[in-house]
Each structure stands twice: as C-alpha cells, then as structure tokens.
Amino acid sequence: MPLFSQHTARFSPDVPLEGTSSRELLKRYQPLETLATGGFGSIEICRDTHLRRRVAIKRIPLINGAGMPASDIMDVLREAHTAAMLQHPNIVQVIDFTHDTAYAYLVMEYVDGITLTDYIEQQGVLKWRDAVHFTVQILKALQHAHDRGIVHRDIKSSNVMLLSDGTIKVMDFGIARFNRENNKTVSEKTIGSVHYISPEQARGDITDERSDIYSVGVA
C-alpha cells in the first residue's frame, strides 16, 4: 500500500518546491498503521527502511486561496523547518521535513506513549506531584524552543505525549499556523485551540513566548 495513498496534489505556481523531494522522501518509508486523519492532516506510523526503525509521518495540507496566501504558507514552512532543528529530551524530534505544492511532511521520532489528554481521561484529575512533574518538563521544552525564537502557539494536553517512565514530550512545534480548522479558531487571524489560547491569541494579536506560558497554565 502506498504511503498516503489518498494524496491528491493541488499544484500552484505560487508555492515553489524546496528541499528534499517529497516523492523521494516517502519512498523510504513503509506504512504500518494510520493513527489519525482529519482536517489537520494525517499521521502514519511507518518503518524507516534505511535505519530500520519506526517513525511517525504527519502530512499537513497547505491551504491556499481563501485559506492562506502563498506568502504566508512560505513563512510557515520556514518556521516549521526551523522548529525541526530543535533537539531536546522533552520535545518530539523531527527527523526530516519537506513539502510539495499540496502538503507539508514532517517525519518524527516514534513515541511509544499516550497523549496527556488520554492519560487524564483514564486516570482522572492529576495528583499534584504528577502535575508538577509534567509541568516542569513542558516548561523545559518551551524554554529550549523560546531561546531559539520558536513559539509553539498551540500548547494543549493533546500535544503533549507521556511515556511509560513519566517522561513528557511536547510535539507539533512550529506547525500550529497550519491548523485553521473552524473548531480551532475564533477569528481568521487567531491560531490555537479555543479552550487554551491566551487573550492576545483570541484577539488575533501578535503572540510571543508569554502566550505559550498562559496555555501551559490552562492545560
């Protein structure tokens, strides 16, 4: 079965191809399991045929026309490429990144765990010691990103992975601006998830590191 077999390219001369050819990149990976599909894109668990390890590949649609102007798409792609260089024990590592005229592809380390959302649903309200332990790790991840000029913009429990040993890994750095589903925005300029965003995000104002810290407090 071909990886992302439902891929239908929407070519636009406004969005130039950059970096590794997405076709060549995807040839390397053997699909094993589809984890999620939706308006935000698709996630496939794959086998890296070169290094013989599991990876997760997120495919994100590049919305053009009425969604995002081509210039904004390129800004987002540059930011995602920068975020891919983040290396920290509390951040899901991006192994490779590329895009074509229809989609962006992030090849990420495979994390054998569950989201913090799922954990809370299973266990109920967090004990204060666990809440502190998890929050400290999230803040360490954010500090690492903020020191390098990256603002997450969509911190929430479903973007936090919990491993069996208690390690926290934050995911989706640099790609929040791709997510423009109606149920995740309150204005055309607003980026984030409604229940977690800071007041300035809700207003569509410029955001910075403080917006992430606000979202951690809510989460």
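The values are calculated or read from the model by the stated rules, or taken from the named source; none is laboratory data. Keep in mind that what you see is a predicted model, and the values were worked out from it rather than measured. Glycine gets a Cβ as well: all are built from the backbone with ideal geometry, and neighbour counts include every protein chain shown. When the accessible area is computed, the model is the full protein with side chains, heavy atoms only, and any ligands, DNA or RNA have been set aside. Shrake-Rupley method; radii C 1.70, N 1.55, O 1.52, S 1.80 Å.
Scanning the stretch 195-218 for residues that are in a loop (DSSP other than H, G, I, E, B) and either under 15 Å from residue 156 (Cα atoms) or of a type in the set (Gly, Ala, Ser) (or both) gives 195, 196, 197, 198, 204.
Scanning the stretch 120-133 finds no residues that are closer than 18 Å to residue 84 by Cα, modelled with pLDDT of 80 or more and open to solvent by less than 50 Å² (accessible area, probe 1.4 Å). Consider the stretch 146-162 and keep the residues that are under 12 Å from the mean Cα position of the chain (by Cα), not hydrophobic (A, V, I, L, M, F, W, C) and not in a loop (DSSP other than H, G, I, E, B). The one that is surrounded by the fewest Cβ atoms within 10 Å (Cβ to Cβ) is 158. For the stretch 163-184, the criterion of being at pLDDT 85 or above, small (Gly, Ala, Ser) and under 20 Å from residue 116 (Cβ atoms) is satisfied by at least one residue.
Residue by residue, here is whether (1) over 22 Å from residue 153 (Cα atoms); (2) modelled with pLDDT of 90 or more; (3) surrounded by fewer than 17 Cβ atoms within 10 Å (Cβ to Cβ) holds:
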residue	(1), (2), (3)
36	no, no, yes
52	yes, yes, yes
60	no, no, no
79	no, no, no
84	no, no, no
96	no, no, no
